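Heads up: the structure comes next, in structure tokens.
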Number of protein chains: 2
Amino acid sequence: MKRETRNMADELLQRIDERRNPSVVGLDPSFAGIPEWLKARVYDYDNPFEGIGAALAAFNKMIIDAVADVVPAVKPQTAYYEQYGSAGLKALEETIRYARGKGLLVIVDAKRNDIGSTAEAYASGYLGAVATARGALPSSLNADFLTVNPYLGSDGLEPFLQACKQYSKGMFILVKTSNPSSGEIQDRVIESGVTVYQAVAEYVAGIGEELVGQRGYSAVGAVVGATYPHEAESLREIMKKSIFLVPGYGAQGGSAQDVVPCFNGDGYGAVVNSARGIIYAYKREPYKSRYRAEQFHLAAREAAISMRDDIVGALQRAGKAPEW
Amino acid sequence: MKRETRNMADELLQRIDERRNPSVVGLDPSFAGIPEWLKARVYDYDNPFEGIGAALAAFNKMIIDAVADVVPAVKPQTAYYEQYGSAGLKALEETIRYARGKGLLVIVDAKRNDIGSTAEAYASGYLGAVATARGALPSSLNADFLTVNPYLGSDGLEPFLQACKQYSKGMFILVKTSNPSSGEIQDRVIESGVTVYQAVAEYVAGIGEELVGQRGYSAVGAVVGATYPHEAESLREIMKKSIFLVPGYGAQGGSAQDVVPCFNGDGYGAVVNSARGIIYAYKREPYKSRYRAEQFHLAAREAAISMRDDIVGALQRAGKAPEW
């Protein structure tokens, strides 16, 4: 494989500028969440998992078509596909390919972690190419960014960093997650007087230096939950050049105001994710009375636009919006 | 789904007794490791990933047939399948089904981690049943044990614990991993004067109480690397009822002597894994001169027996072998 020279942080910022939007849509479709009419159309009673896989892919494609000019990226969460085994993973492959074909970047939220050749296999699978009898071929799950878990230490992260360099891709390392119990390990104060999440952040900032693009941001980013705005502020200081992937907006309780500390003064440095709030917008007001279940994708589009306006509005009020 | 009453720790100990062997075989096959003759037989040049998937499954089945009466369980590592996308996951599905059909328990080493409904999706996918139009069906990746990562805290582990209860399955939580840099997070001393890994071990011991079987061991186990025998000794004290899944024997440098501290005085409490040392035994001496590449499975069988004798011998010398 030829070594490419583009930088994935630059690519992400370019798409954020084009859409004037730093928020992304989480593609976390579940059997229960897909409209009945769509399930009925693709469902295969003899091959239930294949039927669900087809439904997941069809659902995602309609969402992708509806938001492709609104958001810079989509973030499929692997669990929702993997639970249906190979049939589910086929839907994930189709989703990744389709989204990239529509000019979106794809952040695969898999929180993978391992060491040595095992970590290399994950990195090849999600960010690069794999060995075949026809030589190295791009992997079928080939995405732009991958989320990874740091519990195993640097030799669990190094293979992912190498893949990011080799294939010009990016990753987001879990630093401070959005859930209520995230502090049980992440907030513990260690010998040096910093917390575990701060120590991880220092590591992320360090290795991130190797992959800083022309816009000043690194392809090595960090997951920082919207539900911890105070911690986000201190993390912004430690990881000035890292892009934060911010879960927890919307369904998990984080507001637009809460995500503002995740951004730098230049208005960049974060992408905010919402999944259920967007893809299932058709199930709740004000969208439910405006759209039929056949129009779930239009509800998703309107919810995505509303999210964009909510976050950009909060950035503007804080004097942090980019000069668009 | 009817709630079953068996306990997965009891199941594992029963198979350990039947085989008189506490070691397991890691099924981590790579394209490069599969013998050429087998690749040539199943390879499909028009569908390279499907061809590799077929090769992985065929390789594993021959290994499983050869070791089914030697080891209590096999441990496929998801990365080696996932890197080939849906075709690879199909091989994992076949491997799991085939191994269970041969009376082996299956430990899926996926190190999954997430929160809320996402963690539930992983737990359903690997330990339980998933929703379909025909009602809940056993998942296609339905295994007996799953490895999970604790960095997100207890609400990232709770959904897996619930699945273990509901479906009578087990899990191994990463506590102290075998790699050189595992200490970067895991060994940090926190406020209470214990290390992060000791704090995780206390948590594992606590939740493990809810799933203790008739033999006194819990279906909630811990991953503890063979490369840290001193730490294993202290962890054995904290998690008396937990079964340790022990990586790092063989290829990573851990010896039979090193794994002895992972066992309790009764000779139980650990399963030791080796992957490359067993499945690729045909590539190295003394097996290489004894077996042709067509007999890679017989080399694997002999290596598995040798591993068993090595570990049981070390336990006997330490006065820790069960009364078989």
> Do we have residue A:322 as open to solvent by less than 60 Å² (accessible area, probe 1.4 Å), in contact with a helix residue (DSSP H, G or I) (Cβ under 6 Å, 6 or more places away or on another chain), over 25 Å from residue A:108 (Cβ atoms) and not aliphatic (A, V, I, L, M) here?
Replying inline: no
>> Among the listed residues B:193, B:206, identify the single one that is part of a loop (DSSP other than H, G, I, E, B), open to solvent by 10 Å² or more (accessible area, probe 1.4 Å) and out of contact with any Pro (no Cβ under 6 Å at 6 or more places or on another chain).
In response: B:193
> Under the condition of being out of contact with any Leu (no Cβ under 7 Å at 6 or more places or on another chain) and closer than 30 Å to residue A:128 by Cα, which residue from segment A:42-58 is surrounded by the fewest Cβ atoms within 10 Å (Cβ to Cβ)?
Replying inline: A:50
> Going by the structure shown, is residue A:15 within 14 Å of chain B (Cβ to nearest Cβ) and either within 15 Å of the chain's Cα centre (by Cα) or within 26 Å of residue A:217 (Cα to Cα) (or both)?
Replying inline: no
> Does residue A:129 satisfy the criteria of being modelled with pLDDT under 95 and more than 7 Å from chain B (Cβ to nearest Cβ)?
Replying inline: no
>> With buried (at least 24 other Cβ atoms within 10 Å of the Cβ), of a type in the set (A, V, I, L, M) and more than 19 Å from residue B:226 (Cα to Cα) as the only criterion, which of B:161, B:152 stands out?
In response: B:152
> Within segment A:19-36, how many residues are open to solvent by 10 Å² or more (accessible area, probe 1.4 Å) and of a type outside the set (Gly, Ala, Ser)?
Replying inline: 5
> What do you reckon, is residue A:254 farther than 20 Å from residue A:183 by Cβ and at pLDDT below 95?
Replying inline: no
>> What are the pairs with Cβ atoms under 8 angstrom where one residue, in segment A:143-154, is within 7 Å of another protein chain (Cβ to nearest Cβ) and closer than 21 Å to residue B:181 by Cα and the other, located anywhere, is assigned to a loop (DSSP other than H, G, I, E, B) and of a type in the set (A, V, I, L, M, F, W, C)? Sequence gap at least six, or different chains.
In response: A:152/A:115
> Within the group B:311, B:278, which residue is within 22 Å of residue A:118 (Cα to Cα), assigned to a helix (DSSP H, G or I) and under 21 Å from the mean Cα position of the chain (by Cα)?
Replying inline: B:278
> For segment B:164-175, which residues satisfy the criterion of being without any contact (Cβ under 8 Å) to a residue 60 or more places away in the chain and open to solvent by 10 Å² or more (accessible area, probe 1.4 Å)?
Replying inline: B:165
>> Yes or no: segment B:200-215 includes at least one residue that is charged (D, E, K, R), within 26 Å of residue B:99 (Cβ to Cβ) and more than 10 Å from every other protein chain (Cβ to nearest Cβ).
In response: yes
>> touching a residue at least 40 places away in the same chain (Cβ under 8 Å), within 13 Å of another protein chain (Cβ to nearest Cβ) and not in a helix (DSSP H, G or I): is that true of residue A:46 in this structure?
In response: no
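Residue-by-condition table, conditions (1) at the interface with chain B (Cβ under 7 Å from one of its Cβ atoms); (2) closer than 20 Å to residue A:163 by Cα:
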| site | (1), (2) |
| --- | --- |
| A:79 | yes, no |
| A:85 | yes, no |
| A:98 | no, no |
| A:120 | no, yes |
| A:135 | no, yes |
> Can you tell which of B:61, B:75 is touching an Asp or Glu at 6+ places or on another chain (Cβ under 7 Å), among the basic types (Lys, Arg) and modelled with pLDDT of 95 or more?
Replying inline: B:75
>> Please list, ordered by residue number, the helices (runs of 4 or more DSSP H) wholly in segment A:73-149 having 3 or more residues that are surrounded by 24 or more Cβ atoms within 10 Å (Cβ to Cβ) and among the small types (Gly, Ala, Ser).
In response: A:85-101, A:116-127
> Say we look at segment A:176-190 and pick out the residues that are in a loop (DSSP other than H, G, I, E, B) and facing chain B (nearest Cβ under 7 Å); which of these is surrounded by the fewest Cβ atoms within 10 Å (Cβ to Cβ)?
Replying inline: A:188
> Name the residues in segment A:209-232 that are open to solvent by 20 Å² or more (accessible area, probe 1.4 Å), without any contact (Cβ under 8 Å) to a residue 60 or more places away in the chain and not in a loop (DSSP other than H, G, I, E, B), would you?
Replying inline: A:209, A:210, A:229, A:230, A:231
> Taking the condition without any contact (Cβ under 8 Å) to a residue 40 or more places away in the chain, part of a helix (DSSP H, G or I) and surrounded by fewer than 24 Cβ atoms within 10 Å (Cβ to Cβ), does residue A:237 pass?
Replying inline: yes
>> When you scan segment B:164-171, do you find a residue that is more than 9 Å from chain A (Cβ to nearest Cβ), under 13 Å from residue B:220 (Cβ atoms) and part of a strand (DSSP E or B), even just one?
In response: yes
>> Return the residues of segment B:1-18 that are open to solvent by less than 30 Å² (accessible area, probe 1.4 Å) and under 28 Å from residue B:303 (Cβ atoms); say none if nothing qualifies.
In response: B:8, B:9, B:12, B:13, B:16
> Restricting attention to segment A:291-299, does a residue exist that is part of a helix (DSSP H, G or I), charged (D, E, K, R) and under 16 Å from residue A:21 (Cα atoms)?
Replying inline: no
>> Quick check on this structure: which one of B:39, B:61 is within 12 Å of another protein chain (Cβ to nearest Cβ), of a type outside the set (Asp, Glu) and either in contact (Cβ under 8 Å) with a residue 12 or more places away in the chain or open to solvent by less than 20 Å² (accessible area, probe 1.4 Å) (or both)?
In response: B:39
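The values are calculated or read from the model by the stated rules, or taken from the named source; none is laboratory data. Model, not experiment: these values are computed from the prediction. FYI the Cβ positions are ideal-geometry reconstructions off the backbone, even for glycines, and counts take in every protein chain you see. In case anyone asks, the SASA skips ligands and DNA or RNA and just uses the protein heavy atoms, side chains included. Shrake-Rupley method; radii C 1.70, N 1.55, O 1.52, S 1.80 Å.
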